[in-house]
Amino acid sequence: MYLSPRHAEIIQMAKDHGRVLVDDLATHFNVTPQTIRKDLNDLCDQRLLSRVHGGALFPSGIENMEYEARRKIAADEKEAIGQAAARLIPDNASLFINIGTTTEAVSKALLDHNGLMVITNNINVANRMRIYPSIEVVIAGGVVRGSDGGVVGEAAVDFIRQFKVDYAVIGASAIDHDGALLDFDFREVKVAQAIIANARHVILVSDQTKFERTAPVRIGHLSQVNTFITDRCDIPSVRKICQEAEVQLIETSLG
């Protein structure tokens, strides 16, 4: 699935406002209503939006975005975040890599490392890294989500608790302005909490769009991580939390 910049922006607008209207979008993008109707029909065919008279709706707030669509949004920013995280992790380290499109970008950036032991509940990460002989990959057991290849559930939690690693790379579906880290699936959250509890250094990776999203299940709080890597943080309260909790804030767009 390819998501054009206009399609990605339409999805973002629908997410922000709950719905989008054909006439408003035509004016915003300076294109004809017919072009927008085709855009909306294409996005609805991919089940990213729901068509209504005069526009389209964003799916229910408790539903996560389709994996492929999420992977395409802010792809360049995620790549830069992944590279920044990889620079923090030395050779011969042990680490957890959790579910998420940004954590997958970190796994891609780590492929030139040597002597890593990677424990993951992300089938996509395991599949990418397993072919490199310098990296040992250990994958959690449990229920596999068909939507994104994430391994979740109590079996995965019990598996993670067997380890104590040097680093953890985690993501979040949303970051509240009070520092709460949020997600959609309570089963995934339990695994993320176990990962945080069993790593010496926790690295949160998330692009700035996560400040604009909401999700219903709490993973934890920003103050629980050691390093937060994002493309840009323009939220004063989040910056204050990082400063007060001594969380290293790295903004890739500034460096």
task: Just give me the residues in segment 161-213 being under 18 Å from ASP16 (Cβ atoms) and assigned to a helix (DSSP H, G or I), in sequence order.
output: GLN208, THR209, LYS210, PHE211, GLU212
field: Hits in segment 201-234 - residues which are open to solvent by 20 Å² or more (accessible area, probe 1.4 Å), touching a residue at least 40 places away in the same chain (Cβ under 8 Å), among the β-branched types (Val, Ile, Thr) and in contact with a strand residue (DSSP E or B) (Cβ under 8 Å, 6 or more places away or on another chain)
entry: THR214
- line: Going through (1) closer than 21 Å to ARG70 by Cβ; (2) in contact (Cβ under 8 Å) with a residue 60 or more places away in the chain; (3) surrounded by fewer than 22 Cβ atoms within 10 Å (Cβ to Cβ) one by one, PHE163 fails only at (1)
task: Output the residues belonging to segment 121-160 that are under 15 Å from VAL191 (Cβ atoms), in a loop (DSSP other than H, G, I, E, B) and either out of contact with any strand residue (DSSP E or B) (no Cβ under 9 Å at 6 or more places or on another chain) or open to solvent by 40 Å² or more (accessible area, probe 1.4 Å) (or both).
output: GLY142
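The values are calculated or read from the model by the stated rules, or taken from the named source; none is laboratory data. None of the values given here were measured: they were computed from a predicted structure. Please note: Cβ atoms are built from the backbone with ideal geometry, for glycine as well, and neighbour counts cover all protein chains shown. Calculation scope for accessible area: heavy atoms of the full protein, side chains included, ligands and nucleic acids excluded. Shrake-Rupley method; radii C 1.70, N 1.55, O 1.52, S 1.80 Å.
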